[in-house]
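The values are calculated or read from the model by the stated rules, or taken from the named source; none is laboratory data. For clarity, every value in this text was computed on a predicted model and none was experimentally measured. Positions of Cβ are backbone-derived with ideal geometry, glycine not excepted, and every protein chain shown enters the neighbour counts. Ligands, DNA and RNA are stripped out before the accessible areas are found, and what is left, the full protein with its side chains, is counted by its heavy atoms. Shrake-Rupley method; radii C 1.70, N 1.55, O 1.52, S 1.80 Å.
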Amino acid sequence: MENNTPLLNLRNIEPGDYDELAALMDLVFYDVGGAWPRMTIMDLIHQFPEGQICIEDSGKIVGAALTIKVDYNRLSLSHTYADIVNEQNVIQNQASGDAMYGLDVFVHPDYRGLRLGRRLYEARKEVCRNQNFKAILAGGRIPGYHAVANKLSVLEYIEKVKRREIHDPILSFQLSNGFDVKRIMKNYLPEDDKSCGYATLLEWDNVFYEEEVPLLESEKSLVRLGIVQWQMRPMLSLEDLMDQAEFFVTSLSNYQADFVLFPEFFNAPLMGLKTGLNSVEAIRFLSEFTEDIKQRFSQMAVTHNTNIIAGSLPILENDRLYNVSYLLHRDGCIDEQYKIHITPHEQRDWVIDGGEKIKVFNTDAGRIGILICYDVEFPELGRMMAEQGMQILFVPFWTDTKNGYLRVRLCAQARAIENECYVAIGGSVGNLPRVDNVDIQYAQSAVFSPSDIYFPHDATITEASPNTEMIIFADVDLDKLKYLNKAGSVTNLRHRRMDLYGPLNRSK
């Protein structure tokens, strides 16, 4: 008696299966390009053999599932099919990926109704669990949409499919297999007329996933910033100044701040310790305390386990005066950034010169840059730092009026957007009536982010009360900058027209 029951076998795809697999792909995907080249299938088998699965009936392949490994954080964001398979049909498999990405599941038309697709999906899930992947992601076509596109938006269509008011041959199947729609992706596969170019980003979470967490992380992702909004007040000695500074460092350190930012020339009260000096003599007198302050801050950084940006301090070198910000690392290292652009007031009243070099510093909590006050108003400096991988920009400032403060604030926000980084600004408040050429202070310290969906709606993470001595905190996620750079609503760094204005000079 003849037996018509299929003799099914589930197994991994092998190189010798290509001709049979290609014929099946041409049959199923006739409307979107048919089979992939041999090179592409061979590459899949070579790079991720466990992810290439087929079902055969009496030795004949009747269904298959093709899969790659990807970075979950990248591909769980909006993307296109070209991010998975490029124009040369090269598969973008990531050997160190922590998630699986379903390329295709296809079944011979004669075998539909036997739930072979479900069997292939279950086999994929088993691979996901066995190899400890975080999830399975997939870009799903919605081929039923074209028939109702003139009546329903794509979101309305998907909702009706979810409610089973409409049946979509692909989406309905994926939903029934435990996948959730995470987002809608436009122009995923532009030539897919049946889906009108749309696709759904689907995800199946592996509830058994166990993340490997090292005892000591080599790279911090979540960084806590602390800012001191400093009150200018008369000081009787250097000890008075440093006692006040250490009070703030201690307070911020108790909250595990990775960085502590002080304002520009926060040490100005020390100019009042010697009377009868003109403005040039007073600022040079102030520079005599700089080395001592730097060393004391370095000791604080080590003792309190935090990195300190010591605002800015005047330094005399070869009879020329500069405005310098010191970065005191918590491991005892010391870096410095000279102010590049000198304000008319600094040139006229204090005869300060500008520095010549812009640096980006490696720290245990990210790559940072420092621009002192006026410098943040020059976009070239921030861009030079961004080209060197800066993630956080610190801006110690000193402004006397609100319009002066707003110049710093608005330019700082612009630097955050155009350079895809966080920017922390810290200023001083109050006044020093006995110190010549030191006017009343105006400040509202803050931390800004880029302006995109991963960040606060107004791109301001936190801000101080205006003209009030206080400390503020902000937790910034460096990983979000990576997502922004690759998949932001706009990607400023990647879309620069280098053909028009070229790279900035970083030779100095």
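All conditions but one from (1) open to solvent by less than 40 Å² (accessible area, probe 1.4 Å); (2) farther than 17 Å from Leu225 by Cβ apply to Cys333; the one that does not is (1). In segment 239-284, how many are buried (at least 19 other Cβ atoms within 10 Å of the Cβ) and either in a loop (DSSP other than H, G, I, E, B) or acidic (Asp, Glu) (or both)? Number of matching residues: 8. For segment 122-142, taking the residues that are of a type in the set (D, E, K, R) and touching a Phe, Trp or Tyr at 6+ places or on another chain (Cβ under 9 Å), the one that is most open to solvent (accessible area, probe 1.4 Å) is identified as Arg129. Restricting attention to segment 376-407, the residues that are in contact with a strand residue (DSSP E or B) (Cβ under 6 Å, 6 or more places away or on another chain) and crowded, with 20+ Cβ neighbours inside 10 Å total 11. Across segment 303-314, the qualifying residues are those that are open to solvent by less than 30 Å² (accessible area, probe 1.4 Å) and outside any loop (DSSP other than H, G, I, E, B), and the one among them that is farthest from Tyr374 (Cα to Cα) is Asn307.
Kindly provide the set of residues from segment 445-455 that are in a loop (DSSP other than H, G, I, E, B) and either touching a strand residue (DSSP E or B) at 6+ places or on another chain (Cβ under 9 Å) or at pLDDT 95 or above (or both), ordered by number.
At the first step, the residues of segment 445-455 found to be in a loop (DSSP other than H, G, I, E, B) are 445, 449-455.
Those that are in a loop (DSSP other than H, G, I, E, B) and either touching a strand residue (DSSP E or B) at 6+ places or on another chain (Cβ under 9 Å) or at pLDDT 95 or above (or both): Ser445, Ser449, Pro450, Tyr454, Phe455.
So, of the residues in segment 185-230 that are among the aliphatic types (A, V, I, L, M) and open to solvent by 60 Å² or more (accessible area, probe 1.4 Å), which turns out to be modelled with the highest pLDDT? Once the filter is applied, the top-ranked residue is Leu222.
The residues in segment 143-175 that are more than 17 Å from Asp104 (Cα to Cα), open to solvent by less than 80 Å² (accessible area, probe 1.4 Å) and either touching a residue at least 12 places away in the same chain (Cβ under 8 Å) or of a type in the set (S, T, N, Q) (or both) can be counted, and the count is 10. Listed conditions (1) more than 17 Å from Gln244 (Cα to Cα); (2) buried (at least 19 other Cβ atoms within 10 Å of the Cβ) are all met by Met300, apart from (1).
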